[in-house]
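Only one structure is covered here, and it is reproduced in the block below.
The values are calculated or read from the model by the stated rules, or taken from the named source; none is laboratory data. Values in this document were obtained by computation on a predicted structure and should not be read as measured data. All Cβ positions, even for glycine, are placed from backbone atoms using ideal geometry, and neighbour counts span all protein chains on display. Remember, those area values only see protein heavy atoms, side chains included, never the ligands or the DNA or RNA. Shrake-Rupley method; radii C 1.70, N 1.55, O 1.52, S 1.80 Å.
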Amino acid sequence: MAATPHLRPAPGSIPTSPGVYRFKDASNHVIYVGKAKNLRSRLSSYFRDFAGLHPRTQQMVSTAADVDWTVVGTEVEALQLEYSWIKQYDPRFNVKYRDDKSYPYLAVTLGEEVPRVQVMRGAKRKGVRYFGPYSHAWAIRETVDLLLRVFPVRTCSAGVFRGARSSGRPCLLGYIGKCVAPCVGRTSPEEHRRLVDDFCSFLAGDTGRFIRDLEKQMGEAAQEMEYERAARLRDDIAALRAALEKQAVVLPDSTDCDVIAMAEDQLEAAVQIFYVRGGRIRGQRGYVVDRVTDAGTGELMETLLGQLYGDGEGSADDPAEEEPGTVAPREVLVSHEPSDRSALGAWLSQRRGSNVDLRVPQRGDKKSLMETVQKNAREALARHKTHRAGDLSTRGRALNEIQEALDLPEAPLRIECYDISNLQGDHVVASMVVFEDGLARKSEYRRFQVRGGGQNDVAAMHEVITRRFKRYLEESARSGEVARMGETGDHGGHQGEDEPAPGKFAYPPNLVVVDGARPQAEAARRALDELGIEDIAVCGLAKRLEEVWLPDDEDPVILPRTGEGLYMLQRVRDEAHRSAIRYHRQKRAKALTGSSLDELAGLGPSRRAALIKEFGSVRRLSEATPEEIAKVPGIGPKMAETVHDHLTGGGKAKTDESNDGGGDA
């Protein structure tokens, strides 16, 4: 793969001004749009070192047949033109955020003669005012049902409305007082529209006015001894307050802001947005995106804000008229600072018509709310990955892609992945995770305490692979299976009633994945060769560029960034990394909080605790005589002598050396 020779502009022909550039393919279709503070510097980066580009960027440059640019006066103009062109051309190499589900909105069809309140999904329509989005449609229906007591507006469909108008009989809601029945002329279209306007004002945050008016009417009715009307008004007030209670109060009443948090890994990112109006959370929305380019977190956040607010037009004159998700509010709080915050803030202010405060909250209630939104983003990413991994056809496609990319004789139905973890050579540990049919099999996870020590990850990987597969050969022989792989084509072997059950390491994988590049993969392959195991495939997965390394190849295997095969390998690698880090932290914490009594064989946690409780510290225990130690409940004379000799150096206590580091994760 190489860049198109004639694509690179002539030296000196690119200006150094801010601007926006477009890459086009042979059919003159725009495939990528970007902006730059310095066009010459940015465009030259695509052609200086083609091999050093991100694989997705390499593909884009190789596909392009032409590049042009437009010079603008300021960075804000560049940002504005970039988003305009992305919307116009929909380039296939630009990052695109997509909703992680179809969110329902509470919609009011203001464009109709008799507006209707309803639940809507999908693309927004002209003449419709939206509130939300909400997490569930039932939440909208509950809110509307409460509000219809005070604002009995039309909620029926067009067919029901026409039928009632032709028959002269309203629907059930008209009979029970939850609709003013404009279909049969009980109220005029003008009066109904005023009622709809009040309904929208209440949802937009102007809640206090309506509650105060109802309380005033209730007091007047009570003074006039119209107690039934006063009771109805009391119930109306309770209904409005119940609707308000469904929207959590998180910030002061005057606060209008969007709170945006992002969670990401090497392949995907998830975004959660909380819309806060009048200090209350009015809606929530989520997006996911595949990280198909080498864009950093700041660039991803900048792209999101452009797509989120790039379609809306609004004015600061009436903030209550804003529709969340189209016009930026007075404050936009983000979890990560965009790459060009000043230009983006100016662009948002320009679109809103007044100042927009774009920032990362540092303290107080807003920072606490941001932490909540970020937690939601992390959970959304985890749910998305679990849903994607749980799909049977997706898992099958991933295994087939791995088989094809690594030239395996069959799909790797059992994959084992290994990772090494240490801190400057201390507490060196390793993890082994197992995926069968593309799903994690946690009961098969194992952990190792590396005996060699040091910071040599290659040597540690060789040791761990040797120990694991040496155990496999031993347990295979004990359970009546083939002692060494490769002698027969049968990997299973029938287990009779009198034969021993398979041990923890008795099942071989189809593929061994190691966290690292070619050196780690070579170490794993060498360990298998030394044991005479030849028909288990080995590969390494490097973090930086997500390259797959085979032990005998000079160049890495590049799997498609958006493919399911790379996604599965990355998930396996990340799970091994998580397990190794967790075990390493446990070992480190134990070393910091442990004592010399932990090394003493035969002295369990209960008796250790009894000794420390009796003497107060290990130092005071070491000063005690065997007779004094033997007085502690559960400690006999023989154990007292052992403890005394161990702490004073008078003898060599036996310690448990049988553990090889393996165990359940």
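Data table
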read-out: The range 614-636: number of residues that are open to solvent by 100 Å² or more (accessible area, probe 1.4 Å) and modelled with pLDDT of 80 or more; value: 6
read-out: Output for the range 433-459, where each listed residue is in contact with a strand residue (DSSP E or B) (Cβ under 7 Å, 6 or more places away or on another chain), buried (at least 20 other Cβ atoms within 10 Å of the Cβ) and over 16 Å from Val538 (Cα atoms); value: Arg446, Arg447, Phe448, Val450, Asp457
read-out: Unmet criterion (only one of (1) of a type outside the set (Asp, Glu); (2) open to solvent by less than 20 Å² (accessible area, probe 1.4 Å); (3) at pLDDT 80 or above) for Gly663; value: (3)
read-out: Candidate set: the range 163-202, residues that are in contact with a Pro (Cβ under 8 Å, 6 or more places away or on another chain) and not in a helix (DSSP H, G or I); chosen: the one surrounded by the most Cβ atoms within 10 Å (Cβ to Cβ); value: Cys179
read-out: Enumeration of residues in the range 511-523 that are modelled with pLDDT of 90 or more and in a loop (DSSP other than H, G, I, E, B); value: none
read-out: Qualifying residue in the range 572-595 (condition: modelled with pLDDT of 90 or more, out of contact with any His (no Cβ under 9 Å at 6 or more places or on another chain), of a type in the set (Gly, Ala, Ser) and not in a helix (DSSP H, G or I)); value: no
read-out: Residue tally, condition open to solvent by less than 50 Å² (accessible area, probe 1.4 Å) and closer than 30 Å to Phe161 by Cα, over the range 203-226; value: 6
read-out: Residue within the range 208-228 that is touching a Lys or Arg at 6+ places or on another chain (Cβ under 8 Å), modelled with pLDDT of 75 or more, acidic (Asp, Glu) and not in a strand (DSSP E or B) present; value: no
read-out: Output for the range 68-90, where each listed residue is in contact with a Lys or Arg (Cβ under 7 Å, 6 or more places away or on another chain) and either on the phi > 0 side of the Ramachandran plot or aliphatic (A, V, I, L, M) (or both); value: Ala78, Leu79
read-out: Where a residue in the range 352-370 is under 17 Å from Ile273 (Cα atoms) and small (Gly, Ala, Ser) and its partner, wherever it lies, is part of a helix (DSSP H, G or I) and modelled with pLDDT under 90, with Cβ under 6 Å and at least six apart; value: none
read-out: Members of the range 470-510 found to be of a type outside the set (Phe, Trp, Tyr), modelled with pLDDT of 70 or more, open to solvent by 30 Å² or more (accessible area, probe 1.4 Å) and within 27 Å of Pro551 (Cα to Cα), listed by number; value: Lys470, Arg471, Glu474, Asn510
read-out: Scope the range 37-69; condition open to solvent by less than 50 Å² (accessible area, probe 1.4 Å) and touching a Gly at 6+ places or on another chain (Cβ under 6 Å); matching residues; value: Leu39
read-out: Residue tally, condition in contact with a Pro (Cβ under 9 Å, 6 or more places away or on another chain) and in a helix (DSSP H, G or I), over the range 406-449; value: 1
read-out: Condition met for Asp90 (open to solvent by 50 Å² or more (accessible area, probe 1.4 Å) and within 27 Å of Glu546 (Cβ to Cβ)); value: yes
read-out: Condition check for Val160: modelled with pLDDT of 80 or more, over 30 Å from His336 (Cα atoms), among the β-branched types (Val, Ile, Thr) and outside any loop (DSSP other than H, G, I, E, B); value: yes
read-out: First in the range 617-636 and in contact (Cβ under 8 Å) with a residue 12 or more places away in the chain, second anywhere and of a type outside the set (Val, Ile, Thr) and assigned to a loop (DSSP other than H, G, I, E, B), Cβ under 8 Å, 6 or more apart; value: Val618/Ser595
read-out: Restricting the range 336-356 to residues that are part of a loop (DSSP other than H, G, I, E, B) and not polar (S, T, N, Q), the residue that is surrounded by the fewest Cβ atoms within 10 Å (Cβ to Cβ); value: Gly353
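Residue-by-condition table, conditions (1) under 26 Å from Val512 (Cβ atoms); (2) at pLDDT below 85; (3) under 20 Å from the mean Cα position of the chain (by Cα):
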site: Asp357; (1), (2), (3): no, no, no
site: Val360; (1), (2), (3): no, no, yes
site: Met370; (1), (2), (3): no, no, yes
site: Asn376; (1), (2), (3): no, yes, yes
site: Ala382; (1), (2), (3): no, yes, yes
site: Lys385; (1), (2), (3): yes, yes, yes
site: Arg388; (1), (2), (3): yes, yes, yes
site: Arg397; (1), (2), (3): yes, yes, no
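Yes/no per residue for (1) surrounded by fewer than 20 Cβ atoms within 10 Å (Cβ to Cβ); (2) more than 20 Å from Glu410 (Cα to Cα); (3) not small (Gly, Ala, Ser):
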site: Asp515; (1), (2), (3): no, yes, yes
site: Ala537; (1), (2), (3): no, no, no
site: Trp549; (1), (2), (3): no, no, yes
site: Pro556; (1), (2), (3): yes, yes, yes
site: Leu559; (1), (2), (3): no, no, yes
site: Ala580; (1), (2), (3): no, yes, no
site: Tyr583; (1), (2), (3): no, yes, yes
site: Gln586; (1), (2), (3): yes, yes, yes
